[in-house]
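Participant: Right, I'll just put the structure down here and ask away after.
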Amino acid sequence: MSISAGATLRTLRERKPLVHQITNYVVMNETANATLALGALPVMAHAREEVEEMVALAGALVLNIGTLSPHWVEAMVAAGKAANEAGIPVVLDPVGAGATRYRTDTARRLLSEVRVAVLRGNQGEVATLVGVEAEVRGVESIGAADDAGELARLAGTTLGLVASVTGPVDHVSDGDRVLAIANGHPLLATVTGTGCMSSAVTGCFLAAKRGALEAAVEALVAFGVAGEDAAVDAKGPGTFHVNLYDALAALDPATLDARARVT
Amino acid sequence: MSISAGATLRTLRERKPLVHQITNYVVMNETANATLALGALPVMAHAREEVEEMVALAGALVLNIGTLSPHWVEAMVAAGKAANEAGIPVVLDPVGAGATRYRTDTARRLLSEVRVAVLRGNQGEVATLVGVEAEVRGVESIGAADDAGELARLAGTTLGLVASVTGPVDHVSDGDRVLAIANGHPLLATVTGTGCMSSAVTGCFLAAKRGALEAAVEALVAFGVAGEDAAVDAKGPGTFHVNLYDALAALDPATLDARARVT
Amino acid sequence: MSISAGATLRTLRERKPLVHQITNYVVMNETANATLALGALPVMAHAREEVEEMVALAGALVLNIGTLSPHWVEAMVAAGKAANEAGIPVVLDPVGAGATRYRTDTARRLLSEVRVAVLRGNQGEVATLVGVEAEVRGVESIGAADDAGELARLAGTTLGLVASVTGPVDHVSDGDRVLAIANGHPLLATVTGTGCMSSAVTGCFLAAKRGALEAAVEALVAFGVAGEDAAVDAKGPGTFHVNLYDALAALDPATLDARARVT
């Protein structure tokens, strides 16, 4: 399967898949708006009473533990299992894994009880989950791994999924191939929730294309290019954040692949 | 009672009524800021321990089931009953009714246990609640009813309230009269929570004017005109969203009625 | 200890302290982004299962009762006690104290069970907590106290902490000295959560400097100057809100002290 963020974006905008997100309070509005700007339909629903029914309507499920608590974790497990049964791809964003035992344990539990298609995290989070030493401060990863590509490959192999490790350069691997994506902009690090948005966008692409490795790469290309466009007239994190939605909506499928910096 | 969005907006800005909102996590900041920009005072409080006391201070109560869960539903019922006893008007936004049984059942329960002044929803949600066939995808209504005005009238009659059915053209009915409001802009559909904002704005107008039909129409005029103004310089959903708050704050009571497209 | 918002801001940006915030749903994204724009690292975590471990990693803890409920209150108490044991300063924002008994009681409980370094509230909230008569509407304070400086001094003495009473002019007191800060802009009152942001910024400054009185004053200088800068090109509350993040990120330590209006 070949990589074409433009082709998948075109499909996504035609089909407008529903992307079910059980995510954190901090970024819920932001990931919903990113999903909508890109061209898919977000739905946020976390009640144990409805998650199984809701996920069955969706093209992808995104689980994000950014502000986890017991009821929400149970809902994530239930939704994840229902998604697995229905063949709906699951993205896990293990926000802050490594910072507290509760976050690490919950991310591990989700990985063990739910078949995750793509694990999208920063280096510290992913390193924690594969047992490599890492420094995590709160929900931020501090310091770069010696080899982020190797970390992605290791995560892919060990966890049996597609690892999407974002940072100044992103690395995506299924344990076999490793792809590096050099799109994006430093201003992305100045707005909270841009990592969570990239997970949501990954969910959107998974809902539009089979092939988790390709979809994960394409999602980071699209999000990174939008970040580049958003930076053009930005005066700081506030205007950049606003521009990001405009840029996601304005992404041009016809030129997207030419702008991809994938190796 | 006559319709004058300008006159009611002037009253609203003089009185600055408190509008109590028990709403969803995704849009809480957005509806609070829309309320404040318009000229009223928002308060978000959902604890069973305080909702009855809080709603007693308010000029209107807005209930929104966008990210419902059992504790929140109990608080909505309690707040709604307290509002009814105190003669405070209640707006219900049945987000996603029709998408899952839990949402449909909860919206029905609220309609049965609380006397709702205005039901503000999209066509799919309102159709679900009056038992008409509709397609709802997540929290989005897909496809237009053959006759949205007739749906509003039917909802008004069947449910014994004012139905405010929003879409490309909005329709408001008390079961007897049906009014169509053609203000607004397509960019409103590209930002999450604009429907929820229109429910909050409806609460603001209800807090400033007796006559639920008139207040509901005026609210949609005001919100629609703000949408039109916000679109002028917008480059996409991000800048439109930001402009919307500026436009709500800049709404001019003196020219608002001349811009109303009500039939 | 002398007051220099510029010097502390420089320290803060070098150290990038983690600021743990247990805050309300309405402003979580906003206070996280304000923290990040200023140069510190926000972390939002509220689960009883992890707050003690998380706060131990932080340079300050900010407790905000804006959308309180029992589980959250227990987590705030636990986090506050853990912060006290570890010598980590605690900021309390008693949102809406005076509006409902639950809010007043919770704010009192937090003050009694947790050693609070800085109480940051509006006049109505702080007056309620020192037993002075005040009118609170929802979460807004209505009408100015005769002497806000005297209120701050009284709160400082009675409660044994630094009281940071914000309004058109802010007053900070440890019960002995009273400082007035005249920075800021009226547009700050048109955006929800700017009070909460000032509490978060207070947490950031406390994490970068010993001396709660000085840090609280410096935080309001920095936030007020950012408000002034954000107002320059603002067309209303929406653009002002966006500009505020740009302005926080662009604050210049070299010129900040010259712009401070502290008496």
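Participant: Any idea what the A:A56 label distances to the other copies are, label 7 Å down the Cα→Cβ vector, nm, shortest first?
Facilitator: Sorted ascending, the copy-to-copy spacings read 4.4, 4.4 nm.
Participant: Using C-alpha positions alone, give me the convex hull volume of the range A:209-261 per residue in cubic angstrom. Each step should come with its number before you reach the end.
Facilitator: On the way: hull volume 4.5 nm³, N = 53.
So the per-residue hull volume is 85 Å³.
Participant: Assuming R0 = 22 Å, can you tell me the calculated FRET efficiency for the pair B:E74 and B:V132, based on Cβ-Cβ distance, to the nearest 0.05? The partial results should precede the final answer.
Facilitator: Values: r = 29 Å, r/R0 = 1.32.
Efficiency, from the Cβ-Cβ distance: 0.15.
Participant: Additional query: Tell me what chain C gives for mean residue ellipticity at 222 nm when only DSSP H runs of n ≥ 4 count, each as -39,500 (n - 2.57), the sum divided by the residue total, rounded to 500 deg cm²/dmol. List each step's numbers first, then the result.
Facilitator: Values: 11 runs with 133 residues, N = 263.
Helix-only estimate at 222 nm: -15500 deg cm²/dmol.
Participant: Of C:V26, C:G131, C:A107, which is farthest along the charge dipole of the range C:1-149 in the positive direction, counting Lys and Arg as +1 and Asp and Glu as -1 at C-beta?
Facilitator: C:V26
Participant: Between C:D233 and C:E150, what's the calculated FRET efficiency when r is the beta-carbon distance and R0 is 45 Å? Round to 0.05.
Facilitator: Details: r = 37 Å, r/R0 = 0.83.
With R0 = 45 Å, the Cβ-Cβ based efficiency is 0.75.
Participant: What are the extents of the Cα atoms of the range A:1-74 along their three principal axes, in Å, largest first?
Facilitator: Projected onto the principal axes, the Cα atoms of the range A:1-74 cover 39, 25, 22 Å.
Participant: Give me the percent of the accessible area of the range B:175-263 that comes from carbon and sulfur atoms, probe 1.4 Å, all protein chains in place. Numbers along the way, then the final one.
Facilitator: Working: 1550 of 2890 Å².
Here carbon and sulfur together make up 54 percent of the probe-accessible area.
Participant: Given a 10 angstrom Cα cut-off, can you work out which residue in B:V172, B:V242, B:V73 is the most mobile in a GNM of chain B?
Facilitator: B:V242
Participant: Further question: Can you give me the P(r) profile for the protein assembly as shown? Cα pairs, bins 10 angstrom wide beginning at 0, each as a whole percent.
Facilitator: The distribution over the protein assembly as shown is 3, 15, 25, 27, 20, 9, 1, 0, given as percents.
Participant: Sticking with this structure for a sec: Got a number for carbon plus sulfur as a percent of the range A:27-165's accessible area, 1.4 Å probe? Don't skip to the end; give the middle numbers.
Facilitator: On the way: 2060 of 4410 Å².
Accessible surface attributable to carbon and sulfur in the range A:27-165 totals 47 percent.
Participant: Further question: Kindly report the accessible area of chain A per residue (heavy atoms of protein chains, probe 1.4 Å, no ligands, DNA or RNA), in Å².
Facilitator: On the way: 8680 Å² over 263 residues.
With all protein chains present, chain A gives 33 Å² per residue.
Participant: Mind jotting down the three principal axis lengths of chain A based on Cα atoms? Whole angstrom, largest first.
Facilitator: 42, 41, 37
Participant: List the distances, in nm and shortest first, from the label point of C:V132 to the matching label points in every other copy, placing each point 7 Å from Cα along the Cα-to-Cβ direction.
Facilitator: 5.7, 5.8
Participant: When each pair of different Cα atoms in the range B:122-263 is counted once in the 1/r mean, what is the Kirkwood radius in angstroms, to one decimal?
Facilitator: On the way: mean 1/r = 0.0654 Å⁻¹.
Averaging 1/r across every pair of different Cα atoms and inverting gives 15.3 Å.
Participant: Do you know the Lys pair count in the protein assembly as shown for C-alpha distances under 22 Å, with sequence separation 8 or more or different chains?
Facilitator: 12
Participant: Turning to a different aspect of this structure: Going by Cα centres, the range C:172-222 and the range B:1-30 are how many Å apart?
Facilitator: First find each Cα centre; the distance between them is then 30 Å.
Participant: Could you report the buried accessible area between C and B, both sides summed, computed with a 1.4 Å probe and given in Å² to the nearest 100? Can you show the working numbers first?
Facilitator: On the way: alone 10930 and 10920 Å², together 19580 Å².
Protein heavy atoms only, the C-B interface buries about 2300 Å².
Participant: Ranked highest first by average number of other Cβ atoms within 10 Å, how do B:206-213, C:201-208 line up? Could the numbers behind the result be given before it?
Facilitator: Numbers: B:206-213: 22.6, C:201-208: 31.4.
Result, highest mean first: C:201-208, B:206-213.
Participant: Which of the residues in the range B:172-194 show a loss of at least 40 Å² in accessible area from their chain by itself to the complete set of protein chains, at a probe of 1.4 Å?
Facilitator: SASA drop of 40 Å² or more in the range B:172-194: B:T192.
Participant: Quick one: grab the alpha carbon gyration tensor of the range A:75-135, order the square roots of its eigenvalues as a ≥ b ≥ c, and give me rounded if a/c is under 1.5, else prolate or oblate depending on whether a/b is larger than b/c.
Facilitator: Working: a/c = 2.76, a/b = 1.97, b/c = 1.40.
Note, shape of the range A:75-135 comes out prolate.
The values are calculated or read from the model by the stated rules, or taken from the named source; none is laboratory data. Just so it is clear, the model here is predicted, and its values are computed rather than measured. Reconstructed Cβ throughout: ideal geometry from the backbone, glycine too, with neighbour counts over all protein chains shown. Side chains included, ligands, DNA and RNA excluded: accessible areas come from the protein's heavy atoms. Shrake-Rupley method; radii C 1.70, N 1.55, O 1.52, S 1.80 Å.
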